[in-house]
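In what follows, a single structure is set out as structure tokens and then discussed.
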Amino acid sequence: MAEFVVEPRLKGFICTTAHPVGCREVVRELVARAKRNSFAGPKSVLVIGASTGYGLASRIAAAFGAGAATCGVSFERPAEGERTASAGWYNTAAVEHFAGEEGLLVRSVNGDAFSAEIKNKTIELLRNDFPPVDLIIYSLASPRRTDPAGVTHRSTLKPIGRPFSGKTVQTDSGVVREVVLEPATEEEIAGTVAVMGGADWLLWMEALRKANVLAEGVRTVAYGYVGPELTWPIYRDGTIGRAKGDLEATVAQIDRLLAAIGGRALISINKAVVTQASAAIPVVPLYISLLFKLMKELHSHEDCMDQMLRLFRERLYCRGPLPEGAVDGSGRIRLDERELDPALQRKISDRWPSVSTDNLLELTDFSGYRSDFLRLFGFGVDGVDYGRAARVDVC
Ligand code: NAD
């Protein structure tokens, strides 16, 4: 039984340790929020990318908000010797624990979602234990994917066509500095599309359809981001934006696949939040710090759980007519209207040029960003005694 005092170890935009008790407490809070906001929603849900960020919030909202059976797929690391497990490992253990307490059907699969092996394992589990699946959330964020032909593709975060230079903040040091990124090569663009585009989403849906585990009227939702012009050179117009375009183009193919059972594929454009994936994108952590400062002042701030509860309650399972602007001209669900409020974005553009290391804490909510970042790994959570040895081999 491995038990020791766990401290955060930050390296650039990652934290190499996670606190088991802290992660459980974060999940407990998310569960309580979902229960307070219950709704009539899905009954049987598969979340691909269920252990952190938007996928974790989706799973908790469906399970504890709507009482759904949830199957979560993720790729997380168990504890080994002096090494803690990854945060997503602890989060998944906590979700299973709390769902068990409520008598909810809950199953998790740990492994590479891009592989046929994990797809088959998940389908077997759904076939044996679950009612027909009525919602599939596709929420993967990954640096690489090995496709069915055995070719490994890598995703990069680069501009396309011309170099990009812009400001970013280092999560570990709080230093604001310029980054210069050379444009992606054709190979890098293709690699990013192969990892973060729609190819694997389609493979999942084909496999699920073939196995006959889907309910009539099933829906599947994948997440996208648009963001303001400030981030376009690195996001929307960059390699990741190209991959998101591909993801969106896959909707029509999945719609055709599901037509016979009245199913549909959807894209939800979510707002920028602090996750392990967004922390890795240059510019974004500084943009989020500024965004949070202003959204908190306007009382329009939202985190992953606020967004997912809104997705379920006010978009996917909305009882009355959909709110104005809920779906855009391209048929995408929009949850980013508060972030993209023109007056708010003008303020961000005005402040952006003057942000520096010296005034970071005054002009932006970097301290909020950092504390959200640490919470992703279970650190800085109220009520947790961080001086006490924790059992890290929770499973
Ligand atoms: P995240 O890093 O918190 O979560 C990624 C999830 O994918 C984890 O559960 C991880 O275990 C899983 N995963 C990664 N590789 C895997 C693999 N090979 N097999 C199985 N599971 C794997 O990321 P996130 O920010 O929540 O991103 C989820 C989606 O939301 C992405 O499509 C992202 O583009 C989108 N999105 C994010 C933001 C944001 O600001 N974070 C905004 C809009 C949309």
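The values are calculated or read from the model by the stated rules, or taken from the named source; none is laboratory data. Owing to the predicted nature of the structure, the values given are computational and were not obtained by experimental measurement. Glycine also receives a Cβ, built like all others from the backbone with ideal geometry; neighbour counts cover every protein chain displayed. These accessible areas exclude ligands, DNA and RNA; they are computed on the full protein's heavy atoms, side chains included. Shrake-Rupley method; radii C 1.70, N 1.55, O 1.52, S 1.80 Å.
Results, tabulated for the structure shown:
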| item | result |
| --- | --- |
| All positions within region 259-274 that are surrounded by 21 or more Cβ atoms within 10 Å (Cβ to Cβ) and either more than 10 Å from the ligand (Cβ to nearest atom) or in a strand (DSSP E or B) (or both) | GLY263, ALA265, ILE267, SER268, ILE269 |
| Among the residues listed as GLU324, GLU337, the single one being under 30 Å from LEU247 (Cα atoms) and surrounded by 15 or more Cβ atoms within 10 Å (Cβ to Cβ) | GLU337 |
| Hits in region 19-37 - residues which are in contact with a helix residue (DSSP H, G or I) (Cβ under 6 Å, 6 or more places away or on another chain) and over 30 Å from ARG313 (Cβ atoms) | PRO20 |
| Residue, nearest to GLU7 (Cα to Cα), within region 57-87, restricted to residues that are near the ligand (Cβ under 7 Å from one of its atoms) and either hydroxyl-bearing (Ser, Thr, Tyr) or open to solvent by 10 Å² or more (accessible area, probe 1.4 Å) (or both) | GLU76 |
| Hits in region 1-51 (condition: in contact with a strand residue (DSSP E or B) (Cβ under 6 Å, 6 or more places away or on another chain), open to solvent by 70 Å² or more (accessible area, probe 1.4 Å) and modelled with pLDDT of 95 or more) | LYS43 |
| From ILE136, ILE123, ILE160, ILE118, residue being modelled with pLDDT of 95 or more and near the ligand (Cβ under 10 Å from one of its atoms) | ILE118 |
| Search result, residues across region 234-257 that are open to solvent by 50 Å² or more (accessible area, probe 1.4 Å), of a type outside the set (A, V, I, L, M) and more than 14 Å from the ligand (Cβ to nearest atom) | ASP237, GLN253, ARG256 |
| One residue from GLY53, GLY41, GLY72, GLY65 being at positive phi and in contact with a helix residue (DSSP H, G or I) (Cβ under 8 Å, 6 or more places away or on another chain) | GLY53 |
| Verdict on GLU96 being away from the ligand (no atom under 15 Å from the Cβ) and open to solvent by 40 Å² or more (accessible area, probe 1.4 Å) | no |
| Where a residue in region 316-328 is of a type in the set (Phe, Trp, Tyr) and its partner, wherever it lies, is open to solvent by less than 90 Å² (accessible area, probe 1.4 Å), with Cβ under 8 Å and at least six apart | TYR317/PHE39; TYR317/ALA40; TYR317/GLY41; TYR317/PRO42; TYR317/ALA66 |
| Which numbered condition PRO342 misses (of (1) free of Cβ contacts under 8 Å to residues at least 60 places away in the same chain; (2) closer than 22 Å to VAL221 by Cβ; (3) open to solvent by 40 Å² or more (accessible area, probe 1.4 Å)) | (2) |
| ASP147 vs. criteria within 13 Å of the ligand (Cβ to nearest atom) and open to solvent by 10 Å² or more (accessible area, probe 1.4 Å) | yes |
| Residues of region 163-184 classified as in a loop (DSSP other than H, G, I, E, B) and either among the aromatic types (Phe, Trp, Tyr) or within 16 Å of the ligand (Cβ to nearest atom) (or both), total | 1 |
